Each structure stands twice: as C-alpha cells, then as structure tokens.
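Taking it in order: structure first as structure tokens, then the write-up.
We did not get these values from a lab; they are worked out from the coordinates using the rules stated. Because the structure is predicted, anything quoted here is derived from the model rather than measured. For neighbour counting, all protein chains shown are included, and Cβ atoms are generated from backbone atoms with ideal geometry for every residue, glycine included.
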Amino acid sequence: MLLALVPVVVAARQPEREQVSEELRSRIEQLRTTGSLLVGGEAVQAEPLLLAVYEARGFQPLWEEDAVASLVRAITAVREDGLDPEDYHVSALRAAAGDRRNPAGAAELDILCTDALLRVGRDLRYGKTEPLGPASERRDGWASGNAEAVEELVALAASGRVEEALATLRPRHFAYTGMRSALSELRWIQMRGGWEPVPPGPLMRRDSVDDRVPLLRARLALEGDYTGPAEDTSRVYDAALEAAVRSFQHRHGLNEDGLVERVTLAALAVPVEDRIDQLRVNLERARWVGHELPHELVAVNIAGAKVYLIHGDSIAFETRAIVGADATRTPVFAADMRYVVLNPTWTVPRSIVGEVLHLARSDPDYLRRQGMRLLDPSGREVDAAAVDLTSHTAADFPFVVRQDPGPANALGRIKLMLPNPNHVYLHDTPSRGLFAREERLFSHGCIRIQDPLGLAELVLGEPQTWNRETLETAIATGETRTIPLARPVPVFVLYWTAGVDARGTPHFYADVYDRDRGVLAALDATGDPGTRPDAPR
C-alpha cells in the first residue's frame with residue numbers, strides 16, 4: 001500500500017544512535033506491555049507495524065530530517081481531504097523537530113513520525129471511520145507488521161519521499177478529486193465571509209421585478225451558477241438569472257423550474273460551513289470505496305435519488321430514481337447486474353404481504369383487478385375466492401402472492417436484475433408521476449428508475465439487437481422474456497449527500513436518512529472511532 005522505495009542509508013546525527021536506540025527500546029517495550037502510552041504529549045497505540053519496525057531494526061532510529069519535513073508537509077495537506085492534521089500529531093511533530101539533539105526527544109520524534117505515517121496512510125486509503133457498505137479491503141488489515149510491510153516502511157522513511165507515497169493512497173476517481181477541489185473553493189468563499197442568504201418573500205420568476213434580485217445574482221455568482229456581469233444591479237429577473245437558478249436547482253437535486261420559492265430559498269440559505277461539512281463527510285465515503293470503483297459501473301445515489309452509468313471519467317447516462325422510504329430504507333451494497341427481464345412477474349415480498357392482505361380484505365375484487373394470484377408452496381395456483389383471508393396474518397399466510405405482467409404490475413414493464421442478499425434491484429414502475437417529486441422516498445427498498453429502457457439499452461451493449469425500439473416491441477407482445485447481459489455490470493448502491501459531475505461541479509442533496517451527523521462526529525473525534533457512524537436502521 002505504501003510505495004516500496006529503494007532505501008537510502010543515512011547515518012543519524014546528534015545525539016549518538018546508541019542513546020536514541022536505548023530510549024526507543026524503553027518506549028517500545030512499554031508500548032507493547034501497556035498497549036498505549038503518551039509520547040511527546042500525544043497518544044500512541046500499539047500498532048503491529050509500529051512495534052515490528054523498531055524490534056526488527058534493533059530499535060535503531062528510522063527518521064531523518066528531510067523525511068520528517070516531507071511527512072509534516074503531507075500531513076498538513078490532508079486538510080484538503082477534509083481530515084484534521086492534528087489527528088496525525090502535526091503540531092507535536094513541528095515542536096519536536098527542534099529537539100532532536102536530546103536522546104529522549106529524538107526517540108519520541110521518531111515514534112511520533114512512525115505513528116503519524118501509519119495513521120494518515122490508513123485514513124487516506126480506507127477512511128478514518130468504519131465504512132458502511134461495499135469495501136473489498138478492510139482497514140483492520142492495515143499495517144499488519146509482517147516483514148514485507150516493515151521493509152516498505154523503512155524504505156519509505158529513508159527515501160524522504162513521504163508526500164509522493166501518501167498521494168498514491170488517495171482515491172483517483174473523479175468524484176474524489178472533484179470534491180477535494182470543491183472543498184478548497186468553498187473554504188476560499190468561507191474565508192471571504194461566506195454568502196448572504198436571500199430573504200424570504202414573494203415568488204420570483206422570469207421577468208418579475210424584485211429588490212432581492214441583485215442579492216440573488218450575487219449569491220449565485222459566488223458558486224459559479226451565474227456568469228453574467230458581476231456589476232449588474234438590475235432588479236429584473238432576466239433570462240440569464242433564470243438559467244443560473246436552474247443550474248443551482250440542478251446541483252441541489254431540486255426541480256429545475258427556474259422558480260425561486262420556499263424550497264430553493266432554503267437551499268440558497270444553507271451556510272457555506274454546512275456545505276463544507278457535507279463535502280468532508282462525502283470525501284470520507286469516497287475513501288471507503290474509491291479504490292474499488294471499476295472503470296464501468298452503474299452508480300445509485302440513494303440520497304440524491306439518481307442512477308448513473310459511469311465510464312471512466314464520464315457519465316454516460318443519468319436518470320431520476322425512487323428509493324426506499326425512511327421505514328424501508330434502500331441498503332448500501334454492491335452487486336453485479338446480470339440480466340434484464342421484460343414484462344416481469346412480481347412475487348410480493350413477505351414484508352409487504354400484510355399490506356396486500358389488508359387491501360384484499362377491504363376490497364374482494366382487489367387481487368383479480370391487480371392481476372395477483374395465490375400460489376401454494378409447490379407453485380400451484382390456488383383459487384383466491386376459496387381462501388378465508390380474514391383467518392390469516394402476514395406472518396402465517398401460507399401462500400405466495402404473485403402479480404402477473406401488465407399495466408398494474410408493481411415492477412412496470414422491465415426489471416434489471418443484480419442478484420444480492422438484500423433482494424433489491426432496479427425496475428420500472430406504473431406510478432410515473434412520483435418522479436416529478438423533489439424528494440422521492442416511496443419504495444420498500446428497491447430502486448425504481450425513470451428511464452429503465454435507456455439504461456437497459458446501454459448495459460445490454462448490443463444496440464443492433466437491443467435498443468429502445470426493439471425493447472418496446474418485445475414488451476408490447478406481453479410475453480415475459482429474460483435477456484442475459486453479455487458481461488456483468490457492477491452496480492454500487494451508495495449514500496452520498498454531496499458529489500461532483502464529470503466536469504467537477506459540486507452537487508448537494510438532502511440527508512434524507514439523517515446519516516451525515518454520525519460520520520461528521522466520527523471525523524471530528526480524536527483518535528480512532530470505535531463505532532460505525534451511519535449504520536442502517
């Protein structure tokens with residue numbers, strides 16, 4: 001994980017190596033015995049690699065002046081990643097760097113450097129907090145202390161090229177680099193006093209005249225949505241300002257109607273400090289999965305209720321989605337999409353059977369009208385009219401409820417299957433009007449998408465055979481048909497309340513599951529958070 005660089009052997013200057021070595025031995029033995037100790041006023045934990053590197057070297061000092069300086073510069077730079085340099089002893093390292101002639105001070109500086117490198121390397125590579133969702137490698141394996149890891153760390157410290165090595169641990173995905181840049185831009189705005197909220201008042205729309213228009217124009221110019229003349233003081237809501245409002249609305253997951261009303265005003269009023277925190281939280285989420293994201297993937301953002309098809313650094317497809325309501329949250333996970341089903345049937349999940357029974361009891365014709373059949377455990381159809389629905393609850397209902405293909409089918413005309421233990425997949429819906437909502441939390445956990453045919457055409461990857469027209473034709477037959485994908489497409493279902501598009505423009509979304517606070521608290525906590533900050537409920 002750290003670059004294996006060619007070691008450069010440099011003799012220690014004052015004090016004598018033997019004196020520093022003895023101080024190191026004493027502290028490392030104490031650290032192994034107690035599990036932790038204060039070194040230079042900073043808490044150091046008994047990391048396996050930290051102990052192993054000194055024991056393997058006979059407690060010889062590891063860090064020279066150029067390497068210490070490179071480490072301090074690298075740690076200072078993690079503020080741009082939304083991390084706190086103080087978590088990695090930056091002040092203590094600066095203070096201790098001038099006390100190298102004292103054997104005890106030199107030993108403490110050496111240990112602090114090694115501990116800081118392990119901490120910052122782990123947090124840049126895996127995230128500071130416990131990850132929620134897909135992560136093929138866990139931070140538990142970081143710095144295991146084996147011989148290869150010892151050799152890499154020694155080579156790195158001896159080379160003095162710490163900044164270069166740590167830079168390779170950052171995710172290289174455009175989402176991460178873009179949010180990192182956006183964080184710097186918002187901090188620049190913060191340093192200049194932030195932005196002034198646009199006061200409430202009557203609806204502003206194209207050609208309306210309002211005293212708040214100059215303030216709205218200035219507010220939108222700060223983030224680059226408005227690109228017209230900065231000195232414009234006109235009170236007229238003109239075409240250029242309407243375009244800027246639509247841009248802002250698009251970046252904040254709002255309906256792009258160009259109307260400045262309560263919801264848009266509320267988004268405009270969110271302080272820059274809160275947007276900075278959102279970026280910090282989502283940079284952390286990006287560190288959880290950034291190294292795992294393949295070149296091509298379908299990304300579902302639960303918080304933004306959006307689905308994307310991503311090719312490298314470009315977004316090939318984007319559509320609105322409907323995701324799980326608060327009580328039936330869509331889980332965070334990764335799986336491979338493997339096939340598409342046209343005119344699917346729907347087997348009602350056990351968790352929803354109670355709702356179906358309730359409706360069927362109050363309306364005897366409900367099951368027939370919805371195209372729903374009852375099947376016994378062997379798959380044979382049972383006459384629903386002969387079943388006393390009042391004698392059963394969802395828990396003891398002995399039948400499977402299956403809905404036939406058709407206009408009323410809950411999955412719509414098509415589903416895109418990614419087998420997973422959560423039984424969550426992407427599908428069409430007959431309730432098309434819900435996509436017009438700004439907050440789209442209506443499902444029982446599955447992901448309904450506004451343009452499923454557009455996504456299906458792209459993931460099938462055979463435009464001569466399967467395109468929108470041929471898919472529509474096959475659906476029109478009413479026959480259920482399964483089409484395997486030529487190759488599986490990875491799907492990552494994530495929860496991000498901030499991100500960037502392929503141009504690096506930041507986007508922000510509401511924290512619909514109230515998860516940001518936990519991640520932010522863990523980021524701001526000193527030491528290693530011991531709990532998972534946004535575990536699902």
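Legend: calculated FRET efficiency, GLU261 to GLU231, from the Cβ-Cβ distance at R0 = 30 Å, rounded to 0.05, equals 0.65.
For LEU37, the residues 5 or more places off, or on other chains, whose built amide H falls under 5 Å of its own are VAL44. Cα centroid separation, segment 433-478 to segment 338-393: 25 Å. On a 0 to 90° scale, report how tilted helix 65-77 is relative to the longest principal axis of the chain, with both axes built from alpha carbons and the result rounded to the nearest 10. Compared with the principal axis, the helix lies near 30 degrees. Taking every Cα-Cα distance in segment 195-270 and sorting them into 5 Å bins from zero, the calculated P(r) comes out as 3, 18, 33, 31, 14, 1 percent.
Put simply, when 190-202, 330-342 are sorted by average Cβ atoms within 10 angstrom per residue, most first, you get 330-342, 190-202.
Between ASP396 and HIS311, residue separation times 0.36 nm minus the direct Cα-Cα distance comes to 25.9 nm. Between helix 174-191 and the chain there is an angle of about 70 degrees, using the helix long axis and the longest principal axis of the Cα atoms. Rounded to the nearest whole Hz, the Karplus-based 3J(HN,Hα) values (6.51 cos²θ - 1.76 cosθ + 1.60, θ = phi - 60°) of segment 388-393 follow the sequence 7, 5, 6, 8, 10, 10, with x at glycine and proline. Compared with the dominant principal axis of the Cα atoms in the chain, helix 239-251 is inclined by about 80°.
Taking all Cα pairs closer than 8 Å and separated by 6 or more residues, the relative contact order of segment 293-508 comes to 34 percent. Kirkwood hydrodynamic radius computed over segment 20-66 comes to 11.0 Å, based on all pairs of distinct alpha carbons. Under a 5 Å amide H cut-off, with hydrogens placed 1.01 Å from N, ASP336 pairs with VAL491 among residues at least 5 apart or on other chains.
Residues whose amide H comes within less than 5 Å of that of GLU296, counting only those at least five positions distant or on another chain, are GLY312 (H built at 1.01 Å from N in the peptide plane). Counted residue by residue at 0.36 nm each, then reduced by the alpha carbon distance between them, the extension gain from ARG192 to SER91 reaches 33.8 nm. What the Kirkwood sum gives for the chain is a hydrodynamic radius of 26.9 Å, with every pair of different alpha carbons counted.
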